[in-house]
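Report on the following structure.
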Amino acid sequence: MSTPNGFPQHSGACVTRSTEGGAVQDLHAKKAGKAAKKEAGGDGVLTFEDPPSVGTSLNETLKLLPDELKAHMKIKSITPRPPRKPRLERAASLDEKSWRRWRRFRTSQESLTDPNETSSSNGSLQEASLSPPVRGRASPCQQNSLHSSPDASEAGPMGKSRGGTSDLGKRASEISSAFGGLLRGKAFAGGKPRLSQIMPARPLPPMEFNVASHTLRTANRIDSDCMDYRHYSQHKFGRVSSSLSDSRLHGNGMVCDNCSTDSMKSTFSLLTPIRSKDVRSRSYLEGSLLATGALLGAEELSRYFPDRNIGIFVATWNMQGQKELPVNLDDFLLPTDPDYAQDMYVIGVQEGCPDRREWEIRLQETLGPHYVMLYSAAHGVLYMSVFIRRDLIWFCSEVEYATVTTRIVSQIKTKGALGICFTFFGTSFLFITSHFTSGDSKVNERKLDYNKTIQALTLPKNVPDTNPYRSSSNDVTTRFDEVFWFGDFNFRLNKDRETVDSILNQNPETDVSKLLAYDQLTSEMSRGSIFKGFQEADINFRPSYKFDIGKDSYDTTSKQRTPSYTDRVVYRSRYRDDIHAVKYSSCPVIKTSDHRPVFALFRVKVRPGRDNIPLAAGQFDRELYLIGIKRRITRELQKRQEQKDQKSSSICSVS
């Protein structure tokens, strides 16, 4: 007969392993009808009533044991005892059971985390480890081994089934102490430790005391629609994040519990808290490039733009003086590719509509409450509007503008240039919109307009130059870090209408390389006679001029003007690779003018600055902002009402 673990059973022999540290392991062996008797003396030699049979079975048992266990083995005689009566135990309630489980987990956790483990923590671990066998009924071998001590053997020939309470408790404490020593690797003196203490690989993080309630934590949850902006923008455009992109915003959606360890973060909002002593001593009129706390310094720049790149939308449109504005500007200002809006919008208009304020309201209405108009200027019918994300208005300098008139004879200033400049953090920007002389053959006049513009634009005025050593008094474009020049340059294609039409019909999609071979501006820029140092993104759209109003067909009047790329966007930078063109296209769905709007998306590098420049101090057109938002809400309510009326007016007929 064998036990479940495979060892043969013996009736009266208990194999005991003893160690110097006092650790005890019992193996109970039984065999029906045979009993073992121990000889006088403590040499550990056994004699049996039937040596051949008992010895044979015992040897078979010993063969199955490991060699290391055999070396520390002693076999003691025991006296068979009747089985104990089961002791009735009060059933523990659910609360008691849960409290015991919690107590065991707590004590075991303390013993694992305490580097200098004490005996009390060992005892807790031992109690938790030994509690299952103590609580239940002990096995016969465990009972016999506990009573095989000299104290227990002197109790009587049969022994008391329960033994002395003090002796049993003493023996249990010895076993517990031995087991604790074994866990610490001290069970065998002079030998290899069996089990070493488990320590964490690194210090455990301190528990953060978060006083924010569940309601506040829920209120600060990041919008799930913007969770993928970091991955998408980095894959699509190389940008790591948008203007509000702190590294905390792209985590698991909860800002309160996942704050940066570099600085103290607020548990109630996304804003970085400011210490009282910093408020007392902080001055925005002083500061250096890397000064901590500088408004335009590296710390603030990295918080809003970790990759130090911003997205800029630049557009130009000759409106032909039409009073009628497009019903929807979404396709113009918010193209479907890319999926995310830019940080800055600059729109230049030539031959603008009579109501300039209405045009600006429509721009604000389209861009929505996330953007404010930083500045707007006009020169006759040349308009320029600069919109920026409302969170970024504090990092802009004062905005300055200047104008140049290239046609003095005309009473209405239709030809000329308008420039707007400002500094964002430590990078200076210049935006110029122009309307050059028209006419197929007037290339030299257009070059004169360009030369007059770069010499006559008196910018900057009060805002200091970020790098005066690389500036020239004869060229305004050299006095700024990043320059964007856009408008109706009026450069044409040096080819007749029939040839251009045949090329367009052969390539109805976006292959316009044959047309660009006849482009006047491309030819002049390659010679260096105009827009020196400027670049232009690859053109993959059809000519933006001249269309029949409201149609997709080019000029069908008697003049039969040749389609041309008159509307362009060019750019230059003081530093190499600061500007990267992401998209360059036109908007064919807007047909209220004979020109199609042309826009470009850029990724521009921004550098930290100093606080010694005149700041705009959060300047924006508040009145325009309120009107635009009210228009937006009204339009949405009207759309919902129309949908509701349409559903209610539908008639269901039952035949």
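Miscellaneous remarks
- Flag if Ile454 is more than 21 Å from Met525 (Cα to Cα), open to solvent by less than 60 Å² (accessible area, probe 1.4 Å) and among the hydrophobic types (A, V, I, L, M, F, W, C): no
- Each residue in region 421-464 was checked for being under 23 Å from Ala377 (Cα atoms), part of a loop (DSSP other than H, G, I, E, B) and not aliphatic (A, V, I, L, M), and 8 of them qualify.
- Filtered by the rule that a residue be open to solvent by less than 10 Å² (accessible area, probe 1.4 Å) and touching a Lys or Arg at 6+ places or on another chain (Cβ under 7 Å), region 427-443 gives Thr427, His435, Phe436.
- Pairs are defined by a Cβ separation below 9 Å, a sequence spacing of at least 6 or placement on different chains, a first member in region 624-643 that is within 17 Å of Leu363 (Cβ to Cβ), and a second member that is open to solvent by less than 100 Å² (accessible area, probe 1.4 Å) and of a type in the set (Gly, Ala, Ser); the pairs so defined are Leu624/Ser376; Gly628/Gly368; Ile629/Gly368; Arg632/Gly368.
- Per the listing Arg610, Arg603, Arg572, the residue uniquely closer than 23 Å to Leu301 by Cα and in contact with a His (Cβ under 7 Å, 6 or more places away or on another chain) is Arg603.
- Set Arg362, Arg407: member being assigned to a loop (DSSP other than H, G, I, E, B) and either out of contact with any Leu (no Cβ under 8 Å at 6 or more places or on another chain) or over 13 Å from Met344 (Cα atoms) (or both): Arg407
- Per this entry, Ala378 is not counted among residues that are open to solvent by 10 Å² or more (accessible area, probe 1.4 Å), among the hydrophobic types (A, V, I, L, M, F, W, C) and either within 20 Å of Ser586 (Cα to Cα) or assigned to a loop (DSSP other than H, G, I, E, B) (or both).
- Among the residues of region 618-637, the ones that are open to solvent by less than 70 Å² (accessible area, probe 1.4 Å) and part of a loop (DSSP other than H, G, I, E, B) come to 2 in all.
Residue by residue, here is whether (1) among the β-branched types (Val, Ile, Thr); (2) out of contact with any Gly (no Cβ under 8 Å at 6 or more places or on another chain); (3) outside any strand (DSSP E or B); (4) over 30 Å from Pro608 (Cβ atoms) holds:
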| position | (1), (2), (3), (4) |
| --- | --- |
| Ile310 | yes, yes, no, no |
| Thr316 | yes, no, no, yes |
| Gly321 | no, no, yes, yes |
| Pro326 | no, yes, yes, yes |
| Asp331 | no, yes, yes, yes |
| Thr336 | yes, yes, yes, yes |
| Tyr345 | no, yes, no, no |
| Pro354 | no, no, yes, yes |
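- The test for being open to solvent by 60 Å² or more (accessible area, probe 1.4 Å), more than 30 Å from Lys546 (Cβ to Cβ) and charged (D, E, K, R) does not hold for Arg603.
- Being open to solvent by 60 Å² or more (accessible area, probe 1.4 Å), in contact with a helix residue (DSSP H, G or I) (Cβ under 7 Å, 6 or more places away or on another chain) and either over 17 Å from Phe429 (Cβ atoms) or not aliphatic (A, V, I, L, M) (or both) is a condition met by at least one residue of region 558-571.
- Residues of region 429-477 that turn out to be farther than 26 Å from Glu351 by Cα, free of Cβ contacts under 8 Å to residues at least 24 places away in the same chain and among the hydroxyl-bearing types (Ser, Thr, Tyr), as a count: 4
- Residue tally, condition in contact with a strand residue (DSSP E or B) (Cβ under 6 Å, 6 or more places away or on another chain) and not polar (S, T, N, Q), over region 473-499: 12
- Qualifying residue in region 381-394 (condition: surrounded by fewer than 18 Cβ atoms within 10 Å (Cβ to Cβ), more than 37 Å from the chain's Cα centre (by Cα) and acidic (Asp, Glu)): no
The values are calculated or read from the model by the stated rules, or taken from the named source; none is laboratory data. Bear in mind the structure is a predicted one, so any value in this text is a computation, not a measurement. Positions of Cβ are generated from backbone atoms using ideal geometry, with glycine treated the same way; all protein chains shown enter the neighbour counts. Heavy atoms of the whole protein, side chains included, go into the accessibility calculation; ligands, DNA and RNA do not. Shrake-Rupley method; radii C 1.70, N 1.55, O 1.52, S 1.80 Å.
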